[in-house]
């Protein structure tokens with residue numbers, strides 16, 4: 001598939017890891033279920049798998065925070081923390097309540113996966129109910145972590161049966177061998193479909209300009225439709241609607257069809273609720289400079305205001321030159 005490189009997916013470095021079912025994986029939650037079911041007075045170590053720390057996510061591999069790297073790839077490296085693989089696609093699953101199989105609940109793209117747990121004294125990973133710190137062995141950038149809403153966790157990996165490939169009793173599934181290729185390929189198609197057709201709103205807009213606004217990708221809440229972006233550009237073209245800048249005119253072939261797209265009404269005003277985007281009235285193409293100026297204020301300035309600023313500056317500069 002041509003989109004593997006776009007999303008930094010190495011289809012030969014994949015591992016499925018089964019977790020206890022939780023909603024957010026950012027700390028203690030009142031209820032969960034799954035193959036790794038734990039006493040409610042305690043907690044699963046994977047409870048922090050989607051808790052951000054300085055732009056990164058630190059995941060726990062069930063059970064015991066260990067991976068057999070040789071079953072993922074032979075491209076094993078070693079650093080001061082131990083043996084690891086890079087550019088791993090870690091697919092997290094969990095048994096849906098009252099359903100069979102393992103539902104895909106999220107994933108880490110382009111992750112670094114260690115064979116052994118990395119111990120920590122980070123107070124944010126302290127599990128006071130059992131007086132332990134949750135170790136980790138998976139690391140990925142915040143923007144490469146995707147956690148599906150509970151109602152969107154509908155794609156399932158089958159249980160292994162006699163003579164049939166699938167998720168076995170282990171909480172790790174390496175999907176190696178010819179019999180498992182179809183399961184792996186279908187899971188990849190599903191993930192790429194989600195990433196391609198339901199892109200996060202901040203993909204090329206708000207995250208770039210609103211400091212501190214980065215969050216784990218949520219493919220349901222505040223999503224930008226790729227089709228809406230394309231419809232916007234089809235209607236307006238690839239010139240900046242504020243200053244008229246044309247990347248292809250300035251940079252030649254490398255700038256062809258390049259432009260950024262701006263939400264006229266800030267997506268942050270919707271309080272994380274999904275809404276229907278009108279590609280003509282809600283979106284406009286803008287150059288990088290104008291886009292930066294729009295987002296210099298929070299909420300963003302209006303395109304008309306930035307256009308007025310440009311006109312005033314040009315008038316003032318012309319007077320000074322004369």
Only one residue in 176, 169 is surrounded by fewer than 17 Cβ atoms within 10 Å (Cβ to Cβ), touching a helix residue (DSSP H, G or I) at 6+ places or on another chain (Cβ under 7 Å) and either within 21 Å of residue 95 (Cα to Cα) or touching a residue at least 12 places away in the same chain (Cβ under 8 Å) (or both). Which one?
176
Using the structure shown, decide if residue 124 is loosely packed, with under 15 Cβ neighbours inside 10 Å, under 14 Å from the mean Cα position of the chain (by Cα) and in contact (Cβ under 8 Å) with a residue 40 or more places away in the chain.
no
I'd like to check something: does segment 143-152 contain any residue that is within 22 Å of the chain's Cα centre (by Cα), within 17 Å of residue 14 (Cα to Cα) and outside any strand (DSSP E or B)?
yes
Scan 64, 60 and give me the residue that is in contact with a helix residue (DSSP H, G or I) (Cβ under 8 Å, 6 or more places away or on another chain) and either under 20 Å from residue 171 (Cβ atoms) or surrounded by 22 or more Cβ atoms within 10 Å (Cβ to Cβ) (or both).
60
Does segment 102-118 include one or more residues that are within 16 Å of the chain's Cα centre (by Cα) and modelled with pLDDT under 90?
no
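The values are calculated or read from the model by the stated rules, or taken from the named source; none is laboratory data. A quick note: this is a predicted structure, and the numbers were derived from the prediction, not measured. Quick reminder, even Gly has a Cβ in these numbers, built from the backbone with ideal geometry, and neighbours come from all protein chains shown.
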